[in-house]
Amino acid sequence: MRRKLQFLVGVISTLIGSLLVCDGGILGENTIDIAIVMSIMGVGLMTTSKFRLFK
């Protein structure tokens, strides 16, 4: 269960980061740094979760 939760938090974090990159009007124009950090953290969480979608 913990693996799946960590994977989902990673996916959500990556999606929020990509949304901030695409639309800078949400939090202002200077959101690129926050978006990059969120995306990197999301990918890191997904890769370290050891959860497999396809078996």
Problem - Residue in segment 1-18 that is modelled with the highest pLDDT, counting only those that are assigned to a helix (DSSP H, G or I) and surrounded by fewer than 13 Cβ atoms within 10 Å (Cβ to Cβ) - result: LEU5
Completion exercise
Cβ pairs under 9 Å, 6+ apart or interchain, first in segment 4-20 and touching a residue at least 40 places away in the same chain (Cβ under 8 Å), second small (Gly, Ala, Ser), ordered by first then second residue, are LYS4/SER49; GLN6/SER49; PHE7/SER49
Fill in the blank from the handout: When segment 19-55 is checked residue by residue, the ones that are surrounded by 12 or more Cβ atoms within 10 Å (Cβ to Cβ), at pLDDT 85 or above and under 26 Å from MET1 (Cα atoms) are VAL37, MET38, SER39, ILE40, MET41, GLY42, VAL43, GLY44, LEU45, MET46, THR48, SER49
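The values are calculated or read from the model by the stated rules, or taken from the named source; none is laboratory data. Everything numeric here is computed off the predicted structure, so don't read it as measured data. Virtual Cβ from ideal backbone geometry, glycine too; neighbours counted across all protein chains shown.
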